[in-house]
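The values are calculated or read from the model by the stated rules, or taken from the named source; none is laboratory data. The model shown is predicted, which means the values in this text are computed figures rather than measured ones. Glycine gets a Cβ as well: all are built from the backbone with ideal geometry, and neighbour counts include every protein chain shown.
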Amino acid sequence: MKGTDMGERLQVLHEKTGMIIMGCDQCVYERKIENMLVPGATLGCFPTLYAVLGSAGVEQVITL
C-alpha cells in the first residue's frame with residue numbers, strides 16, 4: 001500500500017527491475033484498499049497472474 005515501508009520498497013523494486021506487483025482482487029476489495037495500492041501494483045488472481053507471467057519471462061515468483 002502507498003505510504004507503507006513495504007509498499008514503497010516494492011514500488012522502488014518495480015521501477016528498477018520491472019518486477020510484477022499484483023494484489024489479489026478479492027482480498028483488495030474485501031479490505032477496501034483498491035485505491036491505496038502503490039502505482040506499480042495491479043489487481044488480479046491466478047488466471048490473470050499466469051497470463052502476465054507467460055509474457056514476462058519470469059524466473060522466480062515470490063508471494064507475500
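Details
- Residues that are modelled with pLDDT under 90 and not aliphatic (A, V, I, L, M) number at least 3 in the following helices (runs of 4 or more DSSP H) confined to the chain: 46-56.
- Count of region 17-64 residues which are in contact with a helix residue (DSSP H, G or I) (Cβ under 9 Å, 6 or more places away or on another chain) and farther than 19 Å from THR4 by Cβ: 7
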